[in-house]
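Written out below as structure tokens is the structure these notes cover.
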Amino acid sequence: MRTELNGAAIPLDAEELGKLYDEEYYRTGCGDVPYSRAEPQWTPFFGSIAEQLIRAFHPKRVLDAGCALGFLVESFWDRGVEAWGMDVSPYAIAHVRRDMEAYCKVASLAEGIAGPFDLITCIEVLEHMPESQGLSAIGHLTNATDIILFSSTPYDLEEPTHFNVRPLLYWLQAFREHGFSPDLDFDASFVCSHAILFRRREQPFSDEVLRLFSNFLHKRREIILRDGRIGSLLAKAPDQERLRVLEQEMAAAAELQEKLRAELELATNEIEQLAGLRIAAPVPETPSSELLDSIAGQVRSLGVSLKALEYRLGSIEQQNAHLATELSNILDSKIWRTLVRGGGALQKLFRL
């Protein structure tokens with residue numbers, strides 16, 4: 001069975017879908033570097049992911065949902081953690097490491113997951129599934145664990161098997177339907193810029209908080225891409241050109257710092273206003289149920305607003321920390337120390 005997307009047929013049957021992810025796909029469809037055991041970058045990359053997740057959560061049993069060639073599954077086992085994998089591609093499962101064959105199987109996330117697991121990873125998978133299957137997969141994922149490390153690109157619309165590319169807010173809201181919210185304190189960018197850690201949560205975040213978080217992820221990506229461009233320019237440029245790039249970055253950093261100060265001041269004012277809220281009318285000794293409901297609504301609204309502001313402040317603090325590190329790296333760089341004489345350019349830039 002197939003459906004259509006922009007005139008192209010999308011297979012709905014899991015077996016037919018799995019056939020798309022064959023040798024040619026893994027050679028050409030996963031970016032500039034083939035997704036192959038012959039490429040040396042993949043084992044250390046997934047090993048680093050496993051190490052950070054083990055350090056953060058100390059899981060005993062992990063599932064990699066959409067495990068492909070099983071790099072992450074083997075990385076967990078190599079570090080003493082029981083891990084399992086499933087993927088819709090027969091080709092991929094046929095090429096897992098031989099000692100992983102008993103722990104990886106051909107299966108669709110849309111058809112169920114035999115849990116429970118302490119942690120599930122689902123990295124760049126659901127964009128490869130028709131929407132209905134992707135939503136079913138979320139239901140199965142959330143039934144099998146309380147912690148999910150998730151990513152699905154909102155940016156790559158060109159890859160032919162990306163049938164289900166969605167905005168970050170779409171995924172945040174889809175997981176919320178199953179009682180999961182993003183962990184605002186966990187930085188999952190060691191996977192990719194748009195990676196999210198979801199946790200089961202009794203009180204889900206409001207749309208406002210989810211929008212703020214999705215905006216934060218987009219900004220994080222911009223910073224990562226910018227840093228990559230700067231690094232590339234500095235690696236190729238002559239000394240004077242490197243200095244020019246550094247000076248531009250210092251000016252941009254100063255501008256960003258002023259913006260963050262303004263946002264911090266605004267958020268602080270809003271918190272002070274919220275803290276000063278009072279119920280307008282005095283509460284009688286025997287309040288009515290309607291009044292109690294009204295007060296409860298005010299309290300819930302205040303709590304949501306405070307949580308949103310708490311996230312904003314956390315985001316500002318995180319950006320300030322990144323900015324401080326960035327400035328420190330620039331000032332400590334050999335090219336800056338060598339080419340800037342007497343601190344004149346630095347003093348002029350920051351009016352010191």
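Checked against (1) under 20 Å from Glu159 (Cβ atoms); (2) open to solvent by 70 Å² or more (accessible area, probe 1.4 Å); (3) at pLDDT below 95, Glu111 passes all but condition (1). Within region 9-50, being more than 18 Å from Glu159 (Cβ to Cβ), aliphatic (A, V, I, L, M) and in a helix (DSSP H, G or I) holds for Ala14, Ile49, Ala50. Pairs meeting the criteria (first residue in region 96-112 and within 17 Å of Gly18 (Cβ to Cβ) and in a helix (DSSP H, G or I), second residue open to solvent by less than 80 Å² (accessible area, probe 1.4 Å) and of a type in the set (S, T, N, Q), beta carbons under 7 Å, at least 6 apart or on different chains) are Ala110/Gln133; Ala110/Ser136.
For region 190-209, the candidate set comprises residues that are polar (S, T, N, Q) and more than 11 Å from the chain's Cα centre (by Cα); within that set, the residue that is least open to solvent (accessible area, probe 1.4 Å) is Ser206.
So is Glu159 of a type in the set (Asp, Glu), open to solvent by 10 Å² or more (accessible area, probe 1.4 Å) and in contact (Cβ under 8 Å) with a residue 12 or more places away in the chain or not? So Glu159 passes the test. Determine, yes or no, whether His95 is on the phi > 0 side of the Ramachandran plot, at pLDDT 95 or above and out of contact with any helix residue (DSSP H, G or I) (no Cβ under 6 Å at 6 or more places or on another chain). No; evaluated as a whole, the condition is false for this residue.
Among the residues making up region 143-189, those that are among the aromatic types (Phe, Trp, Tyr), modelled with pLDDT of 95 or more and under 14 Å from the mean Cα position of the chain (by Cα) are Phe150, Tyr170, Trp171, Phe175. For region 128-154, a tally of residues being of a type in the set (Asp, Glu) and either in a loop (DSSP other than H, G, I, E, B) or buried (at least 21 other Cβ atoms within 10 Å of the Cβ) (or both) returns 1. Is it true that some residue in region 2-24 is in contact with a helix residue (DSSP H, G or I) (Cβ under 7 Å, 6 or more places away or on another chain), at pLDDT below 95 and open to solvent by 30 Å² or more (accessible area, probe 1.4 Å)? Checking region 2-24: at least one residue is in contact with a helix residue (DSSP H, G or I) (Cβ under 7 Å, 6 or more places away or on another chain), at pLDDT below 95 and open to solvent by 30 Å² or more (accessible area, probe 1.4 Å). For region 83-92, a residue qualifies if it is open to solvent by 10 Å² or more (accessible area, probe 1.4 Å) and over 24 Å from the mean Cα position of the chain (by Cα), and the qualifying residues are Pro90, Tyr91.
Rundown of residues vs (1) of a type in the set (D, E, K, R); (2) not in a helix (DSSP H, G or I), yes/no style:
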{"position": "Gln52", "(1), (2)": "no, no"}
{"position": "Pro59", "(1), (2)": "no, yes"}
{"position": "Asp64", "(1), (2)": "yes, yes"}
{"position": "Leu69", "(1), (2)": "no, yes"}
{"position": "Ile93", "(1), (2)": "no, no"}
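The values are calculated or read from the model by the stated rules, or taken from the named source; none is laboratory data. Model, not experiment: these values are computed from the prediction. Every residue, glycine among them, receives a Cβ derived from its backbone with ideal geometry; neighbour counts consider all protein chains shown. When the accessible area is computed, the model is the full protein with side chains, heavy atoms only, and any ligands, DNA or RNA have been set aside. Shrake-Rupley method; radii C 1.70, N 1.55, O 1.52, S 1.80 Å.
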